[in-house]
Structure formats: structure tokens, C-alpha cells
Amino acid sequence: MHRTIAISVNGTPLEVPSGATVAAAVLQAGATSRVSVRGEPRQPLCGMGICYECRVEIDGRPHQRSCQILCLPGMQVTTE
Amino acid sequence: MSEVFDVVVVGAGPGGLAAAATAAETGLKVCLIDDNPAPGGQIWRSSVLKGPSADAAGWMRRLAERQVEVRSGCRAVVAGGLTCAGARTLRLESQRGYADIGFGALILATGARERFLPFPGWTLPGVFGAGGLQAFVKSGFQIAGKRVVIAGTGPLLMAVAANLRAAGARIAAVIEQAPWPQLAQFSSWLAFSRPGKLIEGAAYGLKLLGVPCRTGAWVTRASAAGAEVEQRLHSVTVSTGRDSTEIETDLLAVGFHLVPNTELAQLLHCRLEHGYVKADAFQRASVERIYGIGELTAIGGVEKAQVEGRIAALAVAGRFEDARALFPARDRWMRFARRLDAAFALREELRTLADGDTTVCRCEDVTQKELAGCRSWREAKLHTRCGMGPCQGRICGPATQFLFGWSAPAPRPPLFPVEIAALEEPFAQAVVETGQPVSSSST
Ligand SMILES: Cc1cc2nc3c(=O)[nH]c(=O)nc-3n(C[C@H](O)[C@H](O)[C@H](O)COP(=O)(O)OP(=O)(O)OC[C@H]3O[C@@H](n4cnc5c(N)ncnc54)[C@H](O)[C@@H]3O)c2cc1C
Ligand code: FES
């Protein structure tokens, strides 16, 4: 058994394996990450910190690159 | 006050890990920095299911034995000039703030990223980079049972297909744009090389499993289903130039080989050649005491990165004869890199995939028709904000280069968006000198 971590994505509880990134959690929750300038929903693209499509709010801090950040217990993730 | 190291290595992929360990084992004081949460770079990214890669762990043990300072989650954003101690400095940014670090020699091992080419629907949720989707799966996205089309070009596609399948994905198709005759030349050479065997093995395994693999074909459109705000990928259209078919899928993983992350090297005034960092036989870049290794000098894979890392480290330590002994291996991988470039050269048809309404710059939502009227990257930036978003042209730059032939101007600091405070502080005086002096003599 792998250890899991409990976080929330847009207020909904989610269990993720320990070591998961926030971007993976957002995808697992079926959410999109941000809304583009013209109002299109977007999801993470590159997985390596380059494209900035994975920006979300984490514990109240906006515009965090979620593919480079690991989930921590109790983290609250809010997407656009 | 900032700390000074004999050697700072930027990038903890295979190249950077090999360079840091080799340098430390010659007695130099080494710091290895990387912006990912853990070392390993792209290929050795640790997996939530399988744990850290065994290869990366092997190097990490050697780093620990020599007390190499490893700073993960940390990116180099600004480069400073000479300080009183003769060292130069880099400004690093992390979640915790920023710090300055001085170096006697700097080994750049910043690796590569995927090239993305715009086509209608490529911005839809459900469309990812090929290596990108693999990274999300390794970092916790469960893909079991999902249908995936893997498309674009490059040896990465086969590796991704094999890995995603092992994670339980249903691979609907692998679509490689390069025509078979072009690949065949490469694959006869492949049969005699180690990475070649791996790629071939993956391709063979997929065939046995009945995964349709097509060459000389490419995705022309990703189509959506669902209401306006809930839009998700539903199917992709695949063309061979003569006919086209539609494939229903949950996810599309698409990437067009790799482009090197040369921005930091450029900021440090290192010369480029054919888009790669120009390095001599000892991996020395055009600027004194700066070295370029791995994907930065040519896209050639994990073995090339490691041997170049070792050569650079030995050269920094002044062990030129030991470095020279590694030249034949390095040169073999260089030839492999050139063959890769030729085998996976992009076909002309890809230039016309984007229609007028296709987004080219994802950060600022600039479309193809807005850009088609511009004559240069500079003009495009001025009139459309293309490349002015947070990715700073890393995604749309290589795309517009292919579509319009524009070359992007040299990057300016900071290399990534940072908080203003991190920029305004003057560089710390680097006065701590430790370790043995760094050789910069030539042979
Ligand atoms: C998304 C992706 C997936 C890949 N998957 C595979 C695969 O499955 N199999 C395979 O054979 N090959 C794969 N490759 C190719 C493989 O990555 C390379 O062959 C090999 O890893 C090259 O090693 P490297 O040391 O040159 O660079 P990399 O492994 O790319 O490492 C470079 C490191 O530098 C870091 N970095 C860059 N800029 C900075 C900065 N300014 N500050 C701090 N750190 C920085 C990066 O985050 C990265 O960790 C993949 C490539 C990509 C881009
Ligand atoms: S997915 Fe591209 S920066 Fe995070």
C-alpha cells in the first residue's frame, strides 16, 4: 500500500498518493487549471515548469505552477 | 553573504548528476541546483508508484558520499557579474524566496523541453505534451483504462507509449509524422546501439500487443465534446496527406521532438550554433569557465548527457587526460544525435496545420491570423503580445520559428517571472572562498 495524502480541490476532498504533484491532483479531480485570456478552460500541458498552463491557487496563494509543487496534507487547491 | 562553490551545476538530469558526482569525486566543492521537486531530470523523474529511479538513486548516493549540496525546487533566474573574489554569481529563486550563489566554474545541464506545434484544438483540456502526460502519470495522475492517442514525432513517443501502457492506459494509436523510409535508415543503425535497442524493443512490444503504430501520419485536429465551458477532447483527426481518419479518444499526448533550454546559457552570453550551445571537445562553452552538456549541445539522450557531464567535470578539475579517454564514447553519441535530428525532421505539411483561428501563443491567446501579418518576432511582440506571457516564448517561440522562420531574440533577465523584490536587491558580495582553485587553463 502506498501512503496517501488528503487534500481538497475546489472544496471537494481528494486522496492522492504521497509524492503527487498538485497538477496531477487537479487532473485526477477532472478539473481544468486556469481560464485563458479569451475565456477558454485550460489544463496543464508540459509537466515540467515551462508552459505555465497549470497555474492554480494553493492555500490562498494565486498563480502557483502546480506541476512543480508537491501535495501536502490539508492543502486547499482552487482552480479557475 | 552568498556561498561560493568551486563548481555549480544547473540541472539535475542525467548530465548534471554525472557532472556533479564526478567533480565532487576529484575533491571540488560542488552545488547542484534544479527546479523540479526532486533530482532526476526528465527521464529519471521519480514515480509515485515506483519511487525514485534506480539510476538517479545511484548518482545521489555518490553525491551524498561527497557532501554535494543539492538544492531542489530552486531555479536560476538572474546571472551576476564578477565579484571581488573573482567568482560569478547566480540568483536562485524558490518557494522560500531567493538566494545568491557564487561559482568558480559553472556547468549548464538545463536539458530540453518538448516542441509544440499548433493545430486546431491543441489547447483543449485533454491534450497534453507526450513527455508531459508521462510526467503527470509519474506524479500521480491515474490513467488506467483511459484511451490515449500518442502523436507527433521523435523516439520519445515510443517510450511514452510503453510507459503509459504499463500504467494501464489503452493506447488507441501511436502516430509518427516521419515517413517510414526516413526512419528505416535510422533504425538499421539503431539495431547496433543501446538506446536504439530500447526504442526498438518498445516498438516491437507495442506491435505484439496490437497497438496500431502509423508512420507518415499526423494529427490535423483535436475535436471537443460538451458544453462551452465544459469542453473536453473527444476525438482526433489523423491524416496521411492522402486520406484522413477520426479516432475517438479520452486523451491526446502530442509533442514534436525536443528543443534545448538554452536561455540561461544565452543570458550568460554563451554562443549558440544551430540552436544548441556551442561547446569544444572538453564541453567548454564560448565564455570562460562555463560548460554546456547534455541536451543543450545536441538532443542525444541519457548516455550522451552522462558522458558529457563527466568530461566537463574532469576538465574543470584539470584532469584533461581522463576527460580525453571519454571522447570516443561521446563522439559516438554525437553521431547518434545527428541521426536522430535527420530521422525525425519535421515535414512541410505541419507548417499549415494551424488555421487562422488557431491559438499560437497560449499565454496571451494570440491566433495564427494575428501573427501571419507580422514580419518578425519583435514585430509580433509589439503588435500582439505574442511571447510576452509568463512562459516568455518558450512554447510559442519554437512554434513561430517553424511556422514563420522567426528567430527569437536573446532572453533577458529574469529568466522566469519572479516577485519584483527578488530583482531589485543588489547581488550579495561573494567573499567566502573554499576548496581548491579551479583550473581554467586550456590544454
Ligand atoms: C518531458 C520529457 C520527457 C522525457 N522522457 C523520456 C523518456 O521517457 N525516455 C527517454 O529515453 N528520454 C526521455 N526524454 C529525453 C531525456 O530527458 C533526455 O535524453 C535526458 O534526460 C537528457 O538529460 P539532461 O541531463 O541533458 O537534461 P534533463 O533530464 O532535461 O534535465 C535538465 C534539468 O534542468 C532543470 N533546469 C532547467 N533550467 C533550469 C534553471 N534555470 N534552473 C534550475 N534548473 C533548471 C530541469 O528542470 C531539469 O530537471 C524526455 C524529455 C522530456 C523533455
Ligand atoms: S504544466 Fe507546464 S508549467 Fe506546469
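For chain B, a crude dipole built from +1 on the beta carbon of Lys and Arg and -1 on the beta carbon of Asp and Glu, taken about the Cα centre, is about 920 debye to the nearest 20. Of all the options B:Q182, B:Q401, B:Q95, the one that moves most in a Gaussian network model of chain B with Cα springs shorter than 10 angstrom is B:Q95. The residue among A:A24, A:S66, A:G11 whose Cα reaches farthest toward the positive pole of the charge dipole of region A:4-78, with charges on the beta-carbon of Lys, Arg, Asp and Glu, is A:S66. Where does the charge balance sit around B:D250 when Lys and Arg score +1, Asp and Glu -1, over other residues with C-beta under 11 Å from its C-beta? Here the count lands on +3. Only helices enter the 222 nm calculation for chain A: every DSSP H run of n ≥ 4 contributes -39,500 (n - 2.57), and dividing by all residues gives -2000 deg cm²/dmol, rounded to 500.
Heavy-atom accessible area, probed at 1.4 angstrom with all protein chains present, ranks B:K138, B:K381, B:K304 as B:K381, B:K138, B:K304, highest first.
For B:S47, the residues 5 or more places off, or on other chains, whose built amide H falls under 5 Å of its own are B:S53.
Accessible area, 1.4 Å probe, largest first: how do B:R61, B:R330, B:R375 sort? Kindly include the intermediate steps, with their values, before the conclusion.
Details: B:R61 150, B:R330 15, B:R375 190 Å².
Greatest to least solvent exposure: B:R375, B:R61, B:R330.
Taking amide H positions as placed in the peptide plane 1.01 Å from N, state which residues far from B:H234 in sequence (5 or more) or on other chains have amide H under 5 Å from it. When sequence neighbours closer than 5 places are left aside, the close amide H contacts are B:S223, B:A224, B:A225. The calculated 222 nm mean residue ellipticity attributable to helices in chain B amounts to -9000 deg cm²/dmol, summing -39500 (n - 2.57) over DSSP H runs of n ≥ 4 and dividing by all residues. B:S286 contributes about 60 Å² of solvent-accessible surface, heavy atoms of the protein only, 1.4 Å probe. Remark: the protein assembly as shown carries a charge dipole of roughly 940 debye about the Cα centre, counting +1 on each Lys and Arg Cβ and -1 on each Asp and Glu Cβ. Of the GluC sites (Glu not before Pro) found in region B:216-292, those in coil by DSSP whose Cβ has at most 13 other Cβ atoms within 10 Å are B:E288.
May I ask you to rank B:T237, A:T12, B:T245 by accessible area, largest first, using a 1.4 Å probe over the protein chains only? Mind showing how you got there, number by number?
Details: B:T237 25, A:T12 85, B:T245 60 Å².
Final ranking, largest accessible area leading: A:T12, B:T245, B:T237.
Since only B:N36, B:L124, B:A169 are under comparison, the one whose Cα sits farthest along the positive direction of the charge dipole of region B:21-174, derived from C-beta charges on Lys, Arg, Asp and Glu, is B:A169.
The values are calculated or read from the model by the stated rules, or taken from the named source; none is laboratory data. From a predicted model like this one, the values you see are computed outputs, not experimental measurements. Cβ coordinates were reconstructed from backbone atoms using ideal geometry, including for glycine residues, and neighbour counts include every protein chain displayed. SASA here: full protein model, heavy atoms, side chains in, ligands and nucleic acids out. Shrake-Rupley method; radii C 1.70, N 1.55, O 1.52, S 1.80 Å.
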